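The values are calculated or read from the model by the stated rules, or taken from the named source; none is laboratory data. From a predicted model like this one, the values you see are computed outputs, not experimental measurements. Counting neighbours? That spans all protein chains shown, and the Cβs are built from the backbone with ideal geometry, glycine included. Quick note on the areas: whole protein, heavy atoms, side chains included, nothing else; ligands and nucleic acids left out. Shrake-Rupley method; radii C 1.70, N 1.55, O 1.52, S 1.80 Å.
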Amino acid sequence: MSQIESHPFRPDYVIPPGETLRDRLAEMNLSQAELAARAGLSTKHVNQIMQGIAPITLETAIVLDRITGIPARVWNRREADYREGLLRAKPRVLSAEDEQWLTSLPIKELQKRGKLPGDRDRGRLFEAVLTFFGVADREAWERIWRGPVASFRRSQAYASHPGTVVSWLRIAQTEAQQAKVAPYSASLFRKVLREIRSLTAHGDANRIVEMCATAGVVVVFVPEVKGCRISGATWWASPSRAVIALSDRYKKDDHFWFTFFHEAAHVLLHSKKETFVDDGTDNDMLEDEANGFAADFLIPPDSTSRLTRLASDHDVEAFAREIGIAPGIVVGRLQHDGLWGWNRGHSLKRGLHIVEE
């Protein structure tokens, strides 16, 4: 996972381009009055340029180029930097709504992960949060992240903790932007999923990143943001680029693999215009369909009747070996279907270490 290790140099003070002009006039042994005469400007106007009151226009930059020998592009750049600096240095006064918004977000968590600077100034922190989410202002954030369109708002986790959910999603989004993958192919993705199914028994879960990339699906691992309660999410970054984000909410292989194939179902079966978030609640037809796909992909329907006959850990291991999946996945299915109690079979579940890419 990438971290913010440096920040652009943005001092709390700004220097008007007039300082550069003053230095150049001293080198040329010219007074402000002589510059005004050569430039066809009033002495007052030149003095205001020196103080940063009057801007250096494009036309004035060309005139200064002729007189001082410093290219117009340099004057234009200095002027733009100065005006930008003035805007950034201007203290932002936060409204009560702005403060409430900041409070709703996991600021300390984002700072700990290097996604926000450790700045205590609320105004500068507010600006950094806007940059993190890639929006111009709080109203834009509301439109993008709290609008009524995206399907992930059906998630109970979103209803309870919207700030943490969207923060986790934004981290996943920025991580996914860096990944390089082939154009999406549904047929190739199905083939990759079959290979990944066999990987559940003995392979490294981290391999799914490179395997899915060959089929145009980005997979990113993002540690859960406290209070988020999200296992995974799926969306389309473009018509030829799908994204599956997985958290470390559950540390065992049964939950991890089921979540992965659940998210894969959204890629294969559902709209490219929506974002799907899995928080463990089955609250609509699409989530039920994704659950069914994952369950049947891991344990084929023609083998499910045998689940009722699995009476011991040894039976589970033999069955899992026969159908080519991890025993922990079988235990998870037995527990979910009520065939085994939640206190049985835990020794067959493997812990997973997800490498942060």
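Tabulated values for the structure
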| read-out | value |
| --- | --- |
| Conditions (1) within 17 Å of the chain's Cα centre (by Cα); (2) modelled with pLDDT of 90 or more; number of the one not met by residue 278 | (2) |
| Unique match (being touching a residue at least 24 places away in the same chain (Cβ under 8 Å) and within 24 Å of residue 219 (Cα to Cα)) among 354, 323 | 354 |
| Lone unmet requirement of (1) modelled with pLDDT of 90 or more; (2) closer than 24 Å to residue 217 by Cα; (3) of a type in the set (A, V, I, L, M, F, W, C) for residue 152 | (1) |
| Helices (runs of 4 or more DSSP H) contained entirely in the stretch 249-357, each with at least 2 residues that are within 18 Å of residue 231 (Cβ to Cβ) and in contact with a helix residue (DSSP H, G or I) (Cβ under 9 Å, 6 or more places away or on another chain) | 253-269, 285-298, 327-336 |
| Enumeration of residues in the stretch 48-73 that are open to solvent by 60 Å² or more (accessible area, probe 1.4 Å) and within 18 Å of residue 15 (Cα to Cα) | 51, 53, 55, 73 |
| The one condition in (1) farther than 17 Å from residue 228 by Cβ; (2) surrounded by 15 or more Cβ atoms within 10 Å (Cβ to Cβ); (3) modelled with pLDDT of 90 or more that residue 124 fails to fulfil | (3) |
| Residues satisfying the stated conditions in the stretch 192-213, i.e. under 12 Å from residue 264 (Cβ atoms) and either under 21 Å from the mean Cα position of the chain (by Cα) or surrounded by fewer than 13 Cβ atoms within 10 Å (Cβ to Cβ) (or both) | 194, 208, 212 |
| Every residue from the stretch 13-47 that is assigned to a helix (DSSP H, G or I), open to solvent by less than 70 Å² (accessible area, probe 1.4 Å) and of a type in the set (Gly, Ala, Ser) | 18, 33, 36, 39 |
| Every pair of residues 6+ apart whose Cβ atoms lie under 9 Å, when the first sits in the stretch 76-103 and is over 30 Å from residue 59 (Cα atoms) and open to solvent by 60 Å² or more (accessible area, probe 1.4 Å) while the second is modelled with pLDDT of 90 or more and of a type in the set (Asp, Glu) | 92/98; 92/127 |
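The rows are residues; the columns are (1) small (Gly, Ala, Ser); (2) at pLDDT below 90; (3) farther than 19 Å from residue 326 by Cβ.
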| position | (1), (2), (3) |
| --- | --- |
| 207 | no, no, no |
| 228 | no, yes, yes |
| 234 | no, no, yes |
| 263 | no, no, no |
| 283 | no, yes, yes |
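Here is a yes/no grid of residues against (1) of a type in the set (D, E, K, R); (2) farther than 16 Å from residue 335 by Cα; (3) out of contact with any Ser or Thr (no Cβ under 9 Å at 6 or more places or on another chain):
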| residue | (1), (2), (3) |
| --- | --- |
| 275 | no, yes, no |
| 279 | yes, yes, no |
| 293 | no, yes, yes |
| 297 | no, yes, yes |
| 300 | no, yes, yes |
| 305 | no, no, yes |
| 308 | no, no, yes |
| 315 | yes, no, yes |
| 321 | yes, yes, yes |
